[in-house]
Amino acid sequence: MEVHIQRCEKCQSTAVTNLLVRESGQPQTVYVKCVSCGEFVARYRLSEYYHHGEGIESWLRSQGSAAPESGRDFLGEFERVKTAANEGFAAANARLEEQQQADEQASPSESVER
Ligand SMILES: [Zn+2]
């Protein structure tokens, strides 16, 4: 696994904000905007979206117009998505911490020399 922190190509800031766009029949889209300089950073089109702390109604809306009329087990699916999202977030954070520690050990004086 590899974990990256999103960065603005224009000013190198890591302070970014997400604009969440929902349109019926379209996958949810996230536009990432730099908080420091306002530059457009990235676009994600989501096949799946999970917002921690929001309930199943929000999750169903993010699935688009196909969700309500299909007979799938949405509650079970939501619970699986919720669990996987929480585990993924924890794993990404743990990996990021490992990478940062490895970087510090590999070149402890690098930031001082620059
Ligand atoms: Zn920027």
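Checking every one of the trypsin sites (Lys or Arg not before Pro) in region 1-79 against DSSP loop status and a limit of 14 other Cβ atoms within 10 Å picks out Lys10, Arg22, Arg72.
What net charge do the residues around Gln6 carry, taking every other residue with its C-beta under 14 Å from that of Gln6, with Lys and Arg at +1 and Asp and Glu at -1? Numbers along the way, then the final one.
On the way: positive: Arg7, Lys10, Lys33, Arg43; negative: Glu2, Glu9, Glu39.
Charge balance near Gln6 sits at +1.
Working note: Debye formula, equal point scatterers on the alpha-carbon atoms of region 50-107, no solvent; log10 I(q)/I(0) at q = 0.13, 0.15, 0.23 Å⁻¹ is -0.48, -0.56, -0.89. Cβ under 10 Å from Pro27's Cβ, Pro27 left aside: what net charge do those residues give with Lys, Arg +1 and Asp, Glu -1? Neighbourhood net charge equals 0. When the Cα positions of Leu96, His52, Ser107 are compared along the charge dipole of region 50-107, His52 comes out farthest toward the positive end, with charges on each C-beta of Lys, Arg, Asp and Glu.
Loop-located GluC sites (Glu not before Pro) in region 1-64 (DSSP state not H, G, I, E or B) with no more than 15 neighbouring Cβ atoms inside 10 Å: Glu2, Glu9, Glu23, Glu39, Glu48, Glu54. Put simply, the amide H of Gln28, placed in the peptide plane, has neighbours under 5 Å in Leu46, leaving out anything fewer than 5 places away on its chain. Basic side chains Lys and Arg get +1 at the Cβ, acidic Asp and Glu get -1 at the Cβ, and with that the dipole of the chain about its Cα centre reaches some 460 debye.
Near Arg80, within a Cβ-to-Cβ distance under 13 Å, what is the net charge of the other residues, with Lys and Arg +1 and Asp and Glu -1? Result for the local shell: -3.
Rounded to two decimal places and with Rh computed the Kirkwood way over Cα pairs, what is Rg over Rh for the chain? Over the Cα atoms of the chain, Rg/Rh equals 1.08. For Ala42, the amide hydrogen comes within under 5 Å of the amide hydrogens of Val32, counting only partners 5 or more places away or on other chains and with H modelled in the peptide plane. Here the calculated FRET efficiency for Val30 and Arg95, from their Cβ-Cβ distance with R0 = 22 Å, stands at 0.55, rounded to the nearest 0.05.
All of the numbers you see were taken from the coordinates with simple rules; none came from a lab. Only a predicted model underlies this, so the values are computations on that prediction, with no experimental measurement involved. Ideal geometry is used to build each Cβ from the backbone, glycine not excepted, and the neighbour counts take in all protein chains shown.
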